[in-house]
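*Asks:* First, the structure itself, so that you have it in front of you.
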Amino acid sequence: MTMNGVAKHAIGKAAKDNIFGANAAAVEAAKKIGAENVTNATIGAILDDNEKLVTLPTVSKVFRTLQDNQYFAYAPIAGLADFLKLVQDDCFGASKPEGYIQAIATSGGTGAIHHTIWNYTDPNETVLTSEWYWGPYKVLCRDMNRKLDTYRMLTEDNKFDFASLEAKVKEILTKQDNILLIINTPAHNPTGYSLTPEDIAKVIEILKAETKNGKKAVLLLDVAYIDYAGEREEVRKIFKNLAHLPENIIGLVAYSLSKGYTMYGQRCGALLNVAATKEQSQEFFDVNQYSSRATWSNINRGAMQTLVTILQDEKLKADIMKERDQYYALIKERGDLFTKEAEACGLKMVPYIAGFFTSIPCTNPGAACDILHKDNIYAVPLAKGIRVALCAIPKKKVAGMAAKIKAAVDAVEK
Ligand code: PLP
């Protein structure tokens, strides 16, 4: 114990989240000069063109009409039985892979990532992800006494960098017998990049080749943004690759209701596993149920029931898909405008395919973001560049942004 009381492993841990920091600065500026004069590109939730938080109307309606016991009773630790069945259909769609599939309810996608790191790696091991990554991956690793390493995500000509991934997998497997690879796709946060089904197949080939000598690999697909990534069934084709994996490669999926159902604050998601054998599948279920008991116990019952009620009703299902499509189109329109303007002014961005965010590579993103504050634009400085939340900026404020970002980036990279 330290003088202040926490145990050794906890000393110095403080979540200095630069996303919330940048947002706080934008909110402060809005108070001073009026929200209409501030572009807040920091928020990771859909805001409409009046900058109001979007809640899918069907989700809101269903959630509000549940019976008392559907909110207030304890849920089973693993999750409601209907939820565990329907969440598989919702996640995989027509691309449900062959194999033994199990799901477990989690506290959002974050909970699914938490359980994966906890149950599929050992203390001090290194977890691998791409160099552009969602910051909490590192927080989760560090909190569980794991390390996070990265590979270069894209080549100079903006193709997925398989060679860098392969080299890192090789390097890590010289030091440990097991590797956890986390890939956030489609509509990657923070760049909007997506891997094709062929890309995922190649990734799996790399894992197979590198574990031939008796080592083990775990592939976690974090699909938090899948419902805003493109045509529903098209973007789900990546899952077919999880069928028929050898026993030493585990396929997992982190699913979230935060974005797809706009239930960010209701904390609901699932961890799904496609296993080669019944025994592996049972082990997945047992260890993750145990971890749930040991962390949050059980998950938000009302949120699980909302998904169940919607998915058991064809009309509600059709309604929610229509509503999502509308917001997918809204974000895409903003992304298309930003991309067009970026091209016109020569601003280099990571190829944006879809999703909530796009990113601009920059060697000094903190300084560039400070310059943007003078234009009343607030974005998030990350290790590799600047993240712009297209999900949160009305189209009229997107107009002209690319040129201002270009000026700021040029100023710091001179
Ligand atoms: N993965 C990524 C890349 C995310 O950006 C998020 C949310 O921002 C999540 C997972 C999971 O979010 P939640 O725990 O709210 O479901």
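Any read-out appearing in this document is the output of simple, stated calculations on the displayed coordinates, not a laboratory observation. Predicted, not measured: the structure shown is a model, and the values here were computed from it. Heads up, the Cβs are rebuilt from the backbone with ideal geometry, glycines too, and the neighbour counts pull from every protein chain shown.
*Asks:* Can you sort Val54, Val398 by how many other beta carbons sit within 10 Å, fewest first?
*Replies:* Ranking Val54, Val398 by Cβ neighbours within 10 Å, fewest first, gives Val54, Val398.
*Asks:* Taking each pair of different alpha-carbon atoms in segment 297-414 once, compute 1/r for the pair, average those values, and report the inverse of that mean as the Kirkwood hydrodynamic radius in Å to one decimal.
*Replies:* Kirkwood radius, segment 297-414: 16.2 Å.
*Asks:* Whose amide H sits under 5 Å from the amide H of Leu148, counting only residues 5 or more places off or on another chain, with H placed in the peptide plane?
*Replies:* Those lying under 5 Å, H to H, from Leu148 are Val127.
*Asks:* Over the chain, calculate the relative contact order: mean separation of alpha carbon pairs under 8 Å at least 6 apart, over the residue count, as a percent.
*Replies:* Value for the chain: 26 percent.
*Asks:* If you take every residue apart from Glu36 with its C-beta less than 13 Å away from the C-beta of Glu36, what net charge results, scoring Lys and Arg +1 and Asp and Glu -1?
*Replies:* +2
*Asks:* May I pose another question? Which values of log₁₀ I(q)/I(0), to two decimal places, follow from the Debye formula for segment 77-314 at q = 0.10, 0.14 Å⁻¹ with a uniform point scatterer at every Cα?
*Replies:* Treating every Cα as an identical point scatterer, log10 I(q)/I(0) equals -0.42, -0.86.
*Asks:* Ignoring everything except DSSP H segments at least 4 long, calculate the 222 nm mean residue ellipticity for the chain; use -39,500 (n - 2.57) per segment, divide by total residues, nearest 500.
*Replies:* -13500 deg cm²/dmol
*Asks:* What residues have an amide H closer than 5 Å to that of Cys362, excluding those fewer than 5 places away on the same chain, when H is modeled at 1.01 Å from N in the peptide plane?
*Replies:* Gly385, Ile386
*Asks:* Which order do peptides 254-262, 98-106, 85-93 fall in by mean Cβ count within 10 Å, highest first?
*Replies:* Descending mean neighbour count gives 254-262, 98-106, 85-93.
*Asks:* Mind computing the radius of gyration and Dmax over the alpha-carbon atoms of segment 1-53? Å is fine for both.
*Replies:* Considering segment 1-53 through its Cα atoms, Rg and Dmax are 17.3, 51 Å.
*Asks:* Give the order of Arg64, Arg324, Arg142, Arg387 when sorted by the count of other beta carbons within 10 angstrom, beginning with the fewest.
*Replies:* Fewest-to-most Cβ neighbours within 10 Å comes out as Arg64, Arg142, Arg324, Arg387.
*Asks:* What is the magnitude of the charge dipole of segment 77-314 about its Cα centre, with +1 placed on the Cβ of each Lys and Arg, -1 on the Cβ of each Asp and Glu, and no other charges, expressed in debye to the nearest 20?
*Replies:* So the magnitude is around 500 debye.
*Asks:* Something else now. What is the distance, in nm, between label points placed 7 Å from the Cα along the Cα-to-Cβ direction at Asp89 and at Ala407?
*Replies:* 5.4
*Asks:* Further question: Through the Karplus equation 6.51 cos²θ - 1.76 cosθ + 1.60, θ set to phi - 60°, convert the phi angles of segment 63-73 into ³J(HN,Hα) values in whole Hz; use x for Gly and Pro.
*Replies:* Coupling constants for segment 63-73: 4, 7, 10, 6, 7, 3, 5, 6, 9, 8, 6 Hz.
*Asks:* Suppose we keep just the DSSP beta bridges with both residues in segment 187-321; what percent of those would be antiparallel, to 5?
*Replies:* 50
*Asks:* Another question, if that's okay. What ranking of Lys414, Lys175 emerges when the number of other C-beta atoms within 10 Å of each C-beta is taken as an exposure proxy, fewest first?
*Replies:* Lys414, Lys175
*Asks:* Taking every eigenvalue of the Cα gyration tensor of the chain, multiplying by 5 and rooting it, what semi-axes result, largest first, whole Å?
*Replies:* Equivalent-ellipsoid dimensions as semi-axes: 33, 27, 22 Å.
*Asks:* Take every DSSP beta bridge whose two residues both sit in segment 77-314, then give the antiparallel share in percent to the nearest 5.
*Replies:* 40
*Asks:* Peptides 363-372, 68-77: what's the order by average Cβ count within 10 Å, highest mean first?
*Replies:* 363-372, 68-77
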